[in-house]
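The values are calculated or read from the model by the stated rules, or taken from the named source; none is laboratory data. Quick caveat: nothing in here was measured; it's all calculated off a predicted structure. Here the Cβ is made from the backbone with ideal geometry for all residues, glycine too, and neighbour counts use every protein chain on show. The accessibility values were calculated without ligands, DNA or RNA, using every heavy atom of the protein model including side chains. Shrake-Rupley method; radii C 1.70, N 1.55, O 1.52, S 1.80 Å.
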Amino acid sequence: NAGVMQNPRHLVRRRGQEARLRCSPMKGHSHVYWYRQLPEEGLKFMVYLQKENIIDESGMPKERFSAEFPKEGPSILRIQQVVRGDSAAYFCASSPAGGADTQYFGPGTRLTVL
Amino acid sequence: RKEVEQDPGPFNVPEGATVAFNCTYSNSASQSFFWYRQDCRKEPKLLMSVYSSGNEDGRFTAQLNRASQYISLLIRDSKLSDSATYLCGMEYGNKLVFGAGTILRVKS
């Protein structure tokens with residue numbers, strides 16, 4: 001049973017470009033969470049999605065960031081017009097049901113903005 | 001005050017030592033608590049859930065103190081392979097809220 005998959009693992013963008021991060025949850029999981037980890041800091045919650053629905057986006061910046069989890073395909077975290085401060089590790093987690101008890105993390109995408 | 005606070009360390013201990021970390025939290029409504037281990041540049045991996053009655057898994061023991069609003073992790077007989085960052089996390093609504101992590105370095 002494959003774990004949570006994220007791609008790309010490393011992404012380099014220049015300021016002003018767009019970054020698209022993908023997350024495929026574990027088989028049978030329909031709940032996806034995105035977290036961001038800045039250097040030397042802990043994980044910060046960004047957004048929680050179920051298939052086709054955003055449940056909680058309280059941790060996501062109001063501008064430039066968006067997330068989706070379509071009926072088919074992976075969840076996408078999209079960052080438009082990236083700035084240097086967006087450089088971080090972005091982790092996706094999935095769970096079979098809502099709640100925090102069984103979240104499993106993917107390997108993360110390391111975004112570097114030049 | 002941060003929702004979750006941890007001593008960043010680093011804790012430098014010799015092999016075989018016993019080491020303990022605490023993590024305090026401010027939201028008394030949290031129901032679920034966890035310890036995750038994160039190796040350098042890797043994803044967090046669930047180490048253990050934390051229950052009021054305390055739980056033990058081999059060399060690791062976790063405790064929850066609701067009255068004082070903290071959780072603890074005790075590692076006995078430390079191994080070199082225990083070197084990592086230990087994150088405490090707790091459920092808060094739909095999400096996990098994490099501390100910034102405690103760095104453990106076990107040295108031979």
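Would you be able to say whether some residue in the stretch B:9-22 is of a type in the set (V, I, T), under 13 Å from the mean Cα position of the chain (by Cα) and within 14 Å of another protein chain (Cβ to nearest Cβ)? Within the stretch B:9-22 (the criterion being of a type in the set (V, I, T), under 13 Å from the mean Cα position of the chain (by Cα) and within 14 Å of another protein chain (Cβ to nearest Cβ)), the answer is no, since none of the residues qualifies. Out of (1) surrounded by 19 or more Cβ atoms within 10 Å (Cβ to Cβ); (2) in contact (Cβ under 8 Å) with a residue 40 or more places away in the chain; (3) at negative phi, the odd one out for A:G42 is which? With respect to (1) surrounded by 19 or more Cβ atoms within 10 Å (Cβ to Cβ); (2) in contact (Cβ under 8 Å) with a residue 40 or more places away in the chain; (3) at negative phi, A:G42 is out only on (2). When the stretch A:19-38 is examined, which residues are found to be basic (K, R) and within 14 Å of chain B (Cβ to nearest Cβ)? Within the stretch A:19-38, just A:R36 meets the criteria.
Listed conditions (1) within 14 Å of chain B (Cβ to nearest Cβ); (2) over 14 Å from the mean Cα position of the chain (by Cα) are all met by A:R84, apart from (1). Quick one: how many residues across the stretch A:1-10 are within 20 Å of A:A88 (Cα to Cα) and either assigned to a loop (DSSP other than H, G, I, E, B) or away from chain B (no Cβ under 11 Å) (or both)? Of the residues in that region, 5 qualify.
Of the strands (runs of 3 or more DSSP E) that lie entirely inside the stretch A:11-114, those containing 1 or more residues that are modelled with pLDDT under 95 and under 24 Å from B:L87 (Cβ atoms) span A:31-37, A:43-50, A:53-56, A:88-95. Using the structure shown, decide if A:G16 is within 26 Å of B:R41 (Cβ to Cβ) and either more than 11 Å from every other protein chain (Cβ to nearest Cβ) or open to solvent by less than 30 Å² (accessible area, probe 1.4 Å) (or both). Against the criterion (within 26 Å of B:R41 (Cβ to Cβ) and either more than 11 Å from every other protein chain (Cβ to nearest Cβ) or open to solvent by less than 30 Å² (accessible area, probe 1.4 Å) (or both)), A:G16 does not qualify.
If you filter the stretch B:89-101 down to residues that are in contact with a Phe, Trp or Tyr (Cβ under 6 Å, 6 or more places away or on another chain) and surrounded by 22 or more Cβ atoms within 10 Å (Cβ to Cβ), you find that the one that is nearest to the other protein chains (Cβ to nearest Cβ) is B:K95.
Inside the stretch B:65-87, residues that are open to solvent by 20 Å² or more (accessible area, probe 1.4 Å) and within 14 Å of chain A (Cβ to nearest Cβ) make up a count of 1. So for the stretch B:69-80 (the condition being of a type in the set (K, R), in a loop (DSSP other than H, G, I, E, B) and out of contact with any Ser or Thr (no Cβ under 8 Å at 6 or more places or on another chain)), does at least one residue qualify? Within the stretch B:69-80, one or more residues are of a type in the set (K, R), in a loop (DSSP other than H, G, I, E, B) and out of contact with any Ser or Thr (no Cβ under 8 Å at 6 or more places or on another chain).
Restricting attention to the stretch B:1-26, and to residues there that are among the β-branched types (V, I, T) and surrounded by 15 or more Cβ atoms within 10 Å (Cβ to Cβ), which single residue is nearest to A:K44 (Cα to Cα)? Here the residue is B:V4. Tell me which residues, restricted to the stretch B:27-64, are part of a loop (DSSP other than H, G, I, E, B) and open to solvent by less than 50 Å² (accessible area, probe 1.4 Å). Matches in the stretch B:27-64: B:N27, B:S30, B:S32, B:E43, B:P44, B:G54.
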